[in-house]
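The values are calculated or read from the model by the stated rules, or taken from the named source; none is laboratory data. Please read all numbers here as calculations on a predicted model, not as lab measurements. All Cβ positions, even for glycine, are placed from backbone atoms using ideal geometry, and neighbour counts span all protein chains on display. Heads up: the accessible areas ignore ligands, DNA and RNA and are worked out on the full protein's heavy atoms, side chains in. Shrake-Rupley method; radii C 1.70, N 1.55, O 1.52, S 1.80 Å.
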Amino acid sequence: MSRQKRWIPIAGVVLLLALAAKSVLGQQAVNQAAGDEGWWQWVVLLFVIGMGLSIFHSIKLLRRSASPDAGYWLKRFEQACLKHEASAASQSLLFWAKAKWGVEAPTTLPGIAARLEREDVTLQLQQLQKAVRNGGGAEWNAYLCRQVITEVLAQLSSEKGDSG
């Protein structure tokens, strides 16, 4: 997400707080002229500030939860293999790559295979890609694919120099 878009909710909260403060301060001046205390307006201002901060915090939490990590996609891949769903397995691996490597992620199964540089993975991903093209044909061994790829990706995740 661009930096400009990140500031939009912050600007909205600041604007909301400024409007609430202006309203409260303006109303307090009117109340003082009328001889009213107006302490409750400060309570309302504090409430509005609290609500604004709460909304801001909720937006931050929602943004973080909107992008599952690589572990989530690896589990989805395993589930797709267990159900023998080639298309779902393929999509899960592509999302795994996106979560793992970000903008530098390969966008195809052969790209993932090339990035991992393992013959066993390359063979399994080629068979998976054929199965996706053929509608989940019998040439794809979902169990073996799950075994090989999960093992390699788990090793990749446990390496110290890995950034994702």
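Let's see how each residue does on (1) touching a residue at least 24 places away in the same chain (Cβ under 8 Å); (2) touching a His at 6+ places or on another chain (Cβ under 9 Å); (3) open to solvent by less than 60 Å² (accessible area, probe 1.4 Å):
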| residue | (1), (2), (3) |
| --- | --- |
| 84 | yes, no, no |
| 89 | yes, no, yes |
| 106 | no, no, yes |
| 111 | no, no, yes |
| 115 | no, no, no |
| 121 | yes, no, yes |
| 126 | no, no, no |
| 145 | yes, no, yes |
| 149 | yes, no, yes |
Filter segment 68-82 for residues that are open to solvent by 80 Å² or more (accessible area, probe 1.4 Å) and under 19 Å from the mean Cα position of the chain (by Cα); the one that is modelled with the lowest pLDDT is 69
Scan segment 54-67 for residues that are at pLDDT below 80 and either surrounded by 14 or more Cβ atoms within 10 Å (Cβ to Cβ) or not basic (Lys, Arg) (or both) and jot them down. 56, 57, 58, 59, 61, 62, 65, 66, 67
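Tell me yes or no: at least one residue of segment 87-98 is of a type in the set (S, T, N, Q), part of a helix (DSSP H, G or I) and modelled with pLDDT under 90.
So in segment 87-98, the residues of a type in the set (S, T, N, Q) come out as 87, 90-92.
In the following step, the residues that additionally are part of a helix (DSSP H, G or I) were identified as 87, 90-92.
Checking the rest, the ones that are also modelled with pLDDT under 90 come to none.
No, because not a single residue in segment 87-98 is of a type in the set (S, T, N, Q), part of a helix (DSSP H, G or I) and modelled with pLDDT under 90.
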Could you tell me whether residue 67 is part of a helix (DSSP H, G or I) and of a type in the set (Gly, Ala, Ser)? no
Taking segment 128-143 and keeping residues touching a residue at least 40 places away in the same chain (Cβ under 8 Å) and in a helix (DSSP H, G or I) leaves 128, 131, 132, 142, 143
